[in-house]
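Report on one structure; see the data block that follows.
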Amino acid sequence: MKKFLTVILSMIMMAGLLTGCHGSKGGNSFEIPESFDESKNIEITFWAKNDTNKTQTAIYNKAIEDFQKLYPNITVNMRLYTDYGKIYNDVITNISTNTTPNVCITYPDHIATYLTGSNTVVPLDDLFTDERYGLGGSELKFDSPSVDEIVPEFLNECMIGDKHYAIPYMRSTEACYVNKTYVEALGYELPETLTWDFVWEVSEKAMEKNADGTFKINGQQVMIPFIYKSTDNMMIQSLWQKGAEYSDADGNILLFNDDTKEILNTVAEHTKTGAFSTFKISGYPANFLNAGQCIFAVDSTAGATWMGSKAPLVDIAKDKIVDFETEVMTIPQYDVANPKMISQGPSICVFNKANSQEVLASWLFAQYLLTNDVQIAYSETEGYVPVTKKAQETPEYQDYLAKEGTDNVEHYDVKIKAAKLLMANTENTFVTPVFNGSTSVRDAAGQMIENVTKSVRRKKTVDDKFIDDLYEEMKSLYHLDQGGVSGNMTGGKKDLGKLPAASVALIVVIIFAWVMIGVVALKDKMKARQ
């Protein structure tokens, strides 16, 4: 019996060792080296997002070139992606093989999922305050902003739980780009702040037609007065403005409620008349706005260079562009005294590696992207805002803002108005709770508006039963029901996901050991009776 028990205990110890080995797939937690070793060559990879804006690519390339001059032993290899979703998918794939990039442009929602791997992403709080290599550190070879010089609202957005897992890179919000000429032609005057009621009323008025079937306001066959680019933002901001429930930091999914139903019914009502549509269904809002076929186009401030009849970037033929006065306004509000708009834009995270010098080199490069030269240059390409007060308050950036409208390229008035809109409303911005699976909740929020809009256009009846069925469909499609969000939510709450294989093996061994102990004990008892 003693010999048998010794064997069993040995099995348990071996299983425990196995668990210890395989449970550290992300490596050990990062500890800041005492100094950065510049005698050894280090290669780091940087994944960034860029569409077709060659100016932004040039800014990245110059930042890398300038950084490598300061740190000749660091080589930065950049990989560009066309959208953030592809970056997210590749990171998830590479976590399992421990081949993640070193530095990545991403979003906190995505980082929350990356964190399901042990020590995958480096928490940055200790690095922020390190006297040598932290923000504004004494050993840096460049002028880095201090913690206090980063806009606090933007920095807070990079927190997951009680730690910072990213630094902000650029920030934008949504704006409503308005054809002011048409609004006034319809007999209205733009208010200081747009309301949902005002936008719906003007949009319905714009649907009036001439006897020949053309629209009175533009004389064309096409008019979609109100087009929304990002319907997930539309739903989220509407709920936020109403003070309604959406989700919370604990991962509770509260989206499927009566306030959401009211918003969907309103969308259905105005889709039925043709007054509303979405980007996914009809096309890019800027194209309709610039062609005189839309009055209220909601899109990111980062897309401002595409908006307006004088826009430097356009996707339609020049002879299709209609001349009108463009106004840049905050998105429609339910309560003008308490405006709410979403804060969005990319952040930067650093991935953990076995070599602490490699991680420190990655942090140095990530931090370099916060320097004034990079921040100001990149923000001037679109309606982005620098994330540091240090850059915003420079004479160079203030001069850029002051030259609003002096040309239709670098100082295009709509672009600079969009940046000013965010700077004036930073305190009114918000971000949604971040947890593993929060991306799925966001996707479901937008998809409900898309489904309602599409169904109305297909002559389907949208009523309470339709919306109740839609709720169940979204819960199933995005795993927001008992199956959990992305396999990591249960009943709307976070769980720990699937156990690692080694942990399962340990549990099996322990159960087997107790069963065998029981069998041996039973045999000993039977022998004793005999």
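The values are calculated or read from the model by the stated rules, or taken from the named source; none is laboratory data. As the structure is a computational prediction, the values presented were derived from the model and not from experiment. Neighbour counts are summed over all protein chains in view; Cβ atoms, including those assigned to glycine, are modelled from backbone coordinates with ideal geometry.
For segment 276-311, what are the residues that are of a type outside the set (S, T, N, Q), farther than 17 Å from Leu194 by Cα and in a loop (DSSP other than H, G, I, E, B)?
Passing the criteria: Gly283, Tyr284, Ala291, Gly292, Met307, Gly308, Lys310, Ala311.
Kindly check whether there is at least one residue in segment 150-168 that is crowded, with 22+ Cβ neighbours inside 10 Å, among the charged types (D, E, K, R) and in a loop (DSSP other than H, G, I, E, B).
yes
Applying the selection to segment 411-449, what residues are touching a helix residue (DSSP H, G or I) at 6+ places or on another chain (Cβ under 8 Å) and assigned to a loop (DSSP other than H, G, I, E, B)?
His411, Tyr412, Val431, Thr432, Val434, Phe435, Asn436, Gly437
Give the residue that is surrounded by the most Cβ atoms within 10 Å (Cβ to Cβ), with candidates limited to residues of segment 372-422 that are hydrophobic (A, V, I, L, M, F, W, C) and within 15 Å of Thr55 (Cα to Cα). Please lay out each step first, then the result.
Kept after step one, since they are hydrophobic (A, V, I, L, M, F, W, C), are these residues of segment 372-422: 374, 376-377, 385, 387, 391, 401-402, 409, 414, 416, 418-419, 421-422.
From the residues that got through so far, the ones that are within 15 Å of Thr55 (Cα to Cα) too are 374, 376-377, 409.
Numbers: Val374: 22, Ile376: 18, Ala377: 18, Val409: 11.
It comes out as Val374.
Go over the candidates Tyr384, Tyr334 one by one and state the one that is in the same structural domain as Asp143 (by TED's automatic domain parsing) and in contact (Cβ under 8 Å) with a residue 24 or more places away in the chain.
On inspection, the qualifying residue turns out to be Tyr384.
For segment 59-85, what are the residues that are at pLDDT below 95 and assigned to a helix (DSSP H, G or I)?
Listed by number, the residues that qualify are Tyr84, Gly85.
Checking Pro386 against (1) of a type outside the set (Ser, Thr, Tyr); (2) out of contact with any His (no Cβ under 9 Å at 6 or more places or on another chain); (3) over 24 Å from Lys340 (Cβ atoms): exactly one of these is not met. Which one?
(3) is the only condition that Pro386 fails.
Of all residues in segment 100-117, which are in a helix (DSSP H, G or I) and among the hydroxyl-bearing types (Ser, Thr, Tyr)?
Within segment 100-117, Thr113, Tyr114 meet the criteria.
Looking at segment 211-220 only, could you name the residues that are part of a loop (DSSP other than H, G, I, E, B) and either under 28 Å from the mean Cα position of the chain (by Cα) or within 19 Å of Thr181 (Cα to Cα) (or both)?
Scanning segment 211-220 gives Thr214, Lys216, Ile217, Asn218, Gly219, Gln220.
Test of understanding: among Glu404, Glu410, which residue is in contact with a His (Cβ under 7 Å, 6 or more places away or on another chain) and not small (Gly, Ala, Ser)? Walk me through how you get there before you give the answer.
Details: Glu410 fails: in contact with a His (Cβ under 7 Å, 6 or more places away or on another chain).
Matching residue, one of Glu404, Glu410: Glu404.
Please identify the pairs in which a residue from segment 73-92 that is in contact (Cβ under 8 Å) with a residue 60 or more places away in the chain has its Cβ atom under 8 Å from the Cβ atom of a residue that is surrounded by 14 or more Cβ atoms within 10 Å (Cβ to Cβ) and basic (Lys, Arg), counting only partners at least 6 apart or on another chain.
Tyr84/Lys49
Let's see how each residue does on (1) of a type in the set (S, T, N, Q); (2) within 24 Å of Glu404 (Cα to Cα); (3) in contact with a Cys (Cβ under 8 Å, 6 or more places away or on another chain); (4) surrounded by fewer than 18 Cβ atoms within 10 Å (Cβ to Cβ):
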| site | (1), (2), (3), (4) |
| --- | --- |
| Ala249 | no, no, no, yes |
| Thr260 | yes, no, no, no |
| Val267 | no, no, no, no |
| Lys280 | no, no, no, yes |
| Gln293 | yes, no, no, no |
| Ala302 | no, yes, no, no |
| Leu313 | no, yes, no, yes |
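Do we find a residue being part of a strand (DSSP E or B), hydroxyl-bearing (Ser, Thr, Tyr) and modelled with pLDDT of 95 or more anywhere in segment 373-383? Steps first, please.
The initial filter retains those residues of segment 373-383 that are part of a strand (DSSP E or B), namely none.
No, the conditions are met nowhere in segment 373-383.
Taking only pairs six or more apart or across chains, which ones have beta-carbon atoms under 7 Å, a first residue in segment 289-301 that is farther than 24 Å from Gly345 by Cβ and among the small types (Gly, Ala, Ser), and a second residue that is surrounded by fewer than 24 Cβ atoms within 10 Å (Cβ to Cβ) and at pLDDT 95 or above?
Ala291/Ile316; Ala291/Lys320; Ala291/Ile321; Ala291/Val322; Gly292/Asn218; Gly292/Gln220; Gly292/Val322; Gly292/Phe324
Is it the case that segment 131-143 has a residue that's in the same structural domain as Tyr165 (by TED's automatic domain parsing), under 30 Å from Ile92 (Cα atoms), touching a helix residue (DSSP H, G or I) at 6+ places or on another chain (Cβ under 6 Å) and of a type in the set (Phe, Trp, Tyr)?
no
Do you know which residues across segment 171-193 are within 25 Å of the chain's Cα centre (by Cα) and surrounded by fewer than 23 Cβ atoms within 10 Å (Cβ to Cβ)?
Within segment 171-193, just Cys176 meets the criteria.
Any residue in segment 132-158 that's over 17 Å from Glu427 (Cβ atoms): show its pairings with residues that are among the hydroxyl-bearing types (Ser, Thr, Tyr) and part of a loop (DSSP other than H, G, I, E, B) at Cβ separation under 6 Å, as long as the two are six or more apart or on different chains.
Partner pairs satisfying both residue conditions: Arg132/Ser138; Leu135/Ser144; Leu135/Ser146; Gly136/Ser144; Gly136/Ser146; Glu139/Tyr133; Phe142/Thr371.
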